[in-house]
Amino acid sequence: MSMSSIPSSSQSGKLYGWVERIGNKVPHPFLLFIYLIIVLMVTTAILSAFGVSAKNPTDGTPVVVKNLLSVEVLHWFLPNVIKNFSGFAPLGAILALVLGAGLAERVGLLPALMVKMASHVNARYASYMVLFIAFFSHISSDAALVIMPPMGALIFLAVGRHPVAGLLAAIAGVGCGFTANLLIVTTDVLLSGISTEAAAAFNPQMHVSVIDNWYFMASSVVVLTIVGGLITDKIIEPRLGQWQGNSDEKLQTLTESQRFGLRIAGVVSLLFIAAIALMVIPENGILRDPINHTVMPSPFIKGIVPLIILFFFVVSLAYGIATRTIRRQADLPHLMIEPMKE
C-alpha cells in the first residue's frame with residue numbers, strides 16, 4: 001500500500017498532528033479515575049482546612065467539606081465500602097441487561113443485524129452508514145470495539161474507498177459516540193439509577209426513568225452521524241490519500257440460516273411489541289397506572305428495563321433456535337454467562 005498525504009507544513013496538517021500527539025498521551029481511563037480520586041482527596045483536604053461549606057438546598061443547613069484523608073473518613077470507609085458497591089442502584093439492572101444483550105450477541109443476532117445493515121451501501125453515503133451501524137452496535141457493549149472497525153474498513157473497501165477511513169469512522173462511532181443509540185442501552189440504565197439516587201436527597205419519591213435520557217441519546221445519533229460523516233469525508237479521508245493497495249478480503253455475507261433466523265427474529269419482535277402495545281395503549285391496559293390509567297408514570301415506564309431484557313431474551317432465543325446456535329437446553333445458560341465473564 002502507498003498513499004500520499006497532505007503536506008505536513010500546512011496549518012491544518014500541523015493542527016491535526018498536534019491533536020493526534022496529545023490524544024496518544026492520554027492515560028488509560030482506569031488510570032484517569034485513579035488520578036481524579038487522588039485529586040479529589042487532596043482537594044477535600046485543602047477545602048476542609050479552610051473550613052469551606054455549602055448550604056443544603058432542602059433544609060438550609062450548612063454542609064462542611066470533609067477531609068477524605070482524615071482518620072474519621074477512613075473509619076467510615078472501611079465498613080461501608082462493600083455496602084456502597086452492593087447498594088449501587090443501577091448495578092442489578094445493568095447486570096441483567098448485560099445478560100439479555102449478551103445473549104443476543106452470543107447467538108449471533110447482533111452481528112447478523114449489522115452485516116444485514118451494511119450489505120447495501122452506496123459509496124457516497126458509506127461514512128454515514130458506517131457511523132450509524134457503529135451507534136447501533138453499542139447495544140453489544142465492548143464487543144462493538146471488536147466487530148465494527150474491521151467491518152467499517154471492509155465496507156469502504158467494497159465501495160472503492162479508503163479502508164483506513166472506514167476503520168477510523170467505525171472507531172469514532174463506537175468510541176466517541178459511545179451509547180448514542182436509537183435503542184435503550186446499559187448507559188441509560190446507569191444514568192437513570194445515578195440520577196434517581198441523587199434526586200432522593202431532595203425528593204425520595206422521585207423516579208428517573210431510563211427513557212428520560214433516551215431522547216437526547218436518540219437525537220444525538222442524527223447529529224453525530226452527520227458531523228462524523230462530514231469529518232470523515234472532508235478531513236480524514238483526504239489526509240489518507242488515494243488507496244492503491246490490494247486485498248482479497250470481502251465484506252461478510254449472511255448465510256441462508258442467518259437470513260432465516262433474522263426473519264424469525266423479526267416476526268417474534270413484532271409479536272412481542274404488539275403484545276406490549278395491547279397492554280399499554282388501551283385506556284384500561286394492565287401496564288398503565290392502576291388508579292389514573294396514565295402511561296407516565298406507570299408500571300410500564302418503571303418496568304421498562306425488565307421488558308427490554310425479556311425482549312432480548314425472547315428474540316435471541318428465537319434466532320438461536322432458528323439458526324441452531326441453541327441446540328440443547330444447556331446451551332442457553334452457557335451463552336448467557338459468557339458475557340458476564342468478559
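Contact list please: Cβ distance under 9 Å, first residue in the stretch 36-56 and in the same structural domain as Val26 (by TED's automatic domain parsing) and touching a residue at least 24 places away in the same chain (Cβ under 8 Å), second residue part of a helix (DSSP H, G or I) and β-branched (Val, Ile, Thr), pairs at least six apart or on different chains. Taking only residues 6 or more apart or on different chains, the pairs are Thr44/Val73. For Ile94, the requirement of being part of a helix (DSSP H, G or I), surrounded by fewer than 10 Cβ atoms within 10 Å (Cβ to Cβ) and not assigned by TED's automatic domain parsing to the domain that holds Ile194 is not met. Considering (1) in contact with a helix residue (DSSP H, G or I) (Cβ under 7 Å, 6 or more places away or on another chain); (2) of a type in the set (A, V, I, L, M, F, W, C); (3) more than 25 Å from Ala112 (Cβ to Cβ); (4) assigned to a helix (DSSP H, G or I), the lone condition that Ile286 does not fulfil carries the number (4).
What are the residue pairs meeting all of these: first residue in the stretch 61-88, first residue closer than 22 Å to Leu47 by Cβ and assigned by TED's automatic domain parsing to the domain that holds Ala45, second residue among the charged types (D, E, K, R) and in a loop (DSSP other than H, G, I, E, B), Cβ atoms under 7 Å, and 6 or more apart or on different chains? Correct list of pairs: Val73/Lys66.
Looking only at residues of the stretch 237-263 that are over 18 Å from Ala123 (Cβ atoms) and among the acidic types (Asp, Glu), we find that the one that is modelled with the lowest pLDDT is Asp248.
Tell me whether the stretch 166-178 contains one or more residues that are touching a residue at least 60 places away in the same chain (Cβ under 8 Å) and over 15 Å from the mean Cα position of the chain (by Cα). So far as the stretch 166-178 goes, yes, one or more of its residues are touching a residue at least 60 places away in the same chain (Cβ under 8 Å) and over 15 Å from the mean Cα position of the chain (by Cα).
For (1) outside any helix (DSSP H, G or I); (2) farther than 29 Å from Phe85 by Cβ, each residue gets a yes or a no:
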residue	(1), (2)
Ala169	no, yes
Val174	no, no
Leu190	no, no
Thr196	no, no
Met206	yes, no
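What about Leu109, is it in contact with a Phe, Trp or Tyr (Cβ under 7 Å, 6 or more places away or on another chain), surrounded by 24 or more Cβ atoms within 10 Å (Cβ to Cβ) and of a type outside the set (Lys, Arg)? Working first, answer last.
Details: in contact with a Phe, Trp or Tyr (Cβ under 7 Å, 6 or more places away or on another chain): yes; surrounded by 24 or more Cβ atoms within 10 Å (Cβ to Cβ): yes; of a type outside the set (Lys, Arg): yes.
Considered against the rule, which asks whether it is in contact with a Phe, Trp or Tyr (Cβ under 7 Å, 6 or more places away or on another chain), surrounded by 24 or more Cβ atoms within 10 Å (Cβ to Cβ) and of a type outside the set (Lys, Arg), Leu109 comes out as yes.
Does the stretch 126-138 contain any residue that is within 24 Å of Gly193 (Cβ to Cβ), surrounded by 14 or more Cβ atoms within 10 Å (Cβ to Cβ), modelled with pLDDT of 85 or more and touching a helix residue (DSSP H, G or I) at 6+ places or on another chain (Cβ under 8 Å)? Yes, the stretch 126-138 contains at least one residue that is within 24 Å of Gly193 (Cβ to Cβ), surrounded by 14 or more Cβ atoms within 10 Å (Cβ to Cβ), modelled with pLDDT of 85 or more and touching a helix residue (DSSP H, G or I) at 6+ places or on another chain (Cβ under 8 Å).
The values are calculated or read from the model by the stated rules, or taken from the named source; none is laboratory data. All of these numbers come straight from a predicted model, not from anything done at the bench. Cβ coordinates were reconstructed from backbone atoms using ideal geometry, including for glycine residues, and neighbour counts include every protein chain displayed.
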